[in-house]
């Protein structure tokens, strides 16, 4: 349990104005499927990883390219994170959204997080959904003041997830894109 006033995760590097990497002693919860993915004990179609966050494709996507972004340290809900942890995880969102949008030719990308059982959370390791949206395939249904999401999860074959993960990775900064038919340089 977190004690009042105690900082968790990383902090600002002394005098640098930049975030220090999180401490090596990372809290992982046994039985947490996302902690198992972070620890390499469970498979995932990984797209991005840094000191703070891991992004991989949802195995039951609501749309092709549906990404999950998680903190590498186990936190059940967002209110359990300190400011440095949040900043570390949030920092990767813009580059992931840009890469996802290009990879699946999306017109928009929704970012959402369900926190707590009352909020609809079913996996209790904080995660952000990056869901591509295409014109003509709305994710919201509006009737007067009523607004409802229209999502249907469907299992995706591992081969398809791996293919989509590579398409997204190809659009991340630092990846040189090969000409069509040419060998890819990494």
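Derivation of every value follows stated rules applied to the coordinates shown; laboratory data play no part. In this text the structure is predicted, and so the values were computed from the model without any measurement. Reconstructed Cβ throughout: ideal geometry from the backbone, glycine too, with neighbour counts over all protein chains shown.
Structure data summary
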item: Computed label-point distance, nm, for sites residue 163 and residue 146 using a 7 Å Cα→Cβ extension; result: 3.9
item: Taking the stretch 33-169 and dividing mean pair separation by its residue count, relative contact order in percent (alpha carbons under 8 Å, at least six apart); result: 30
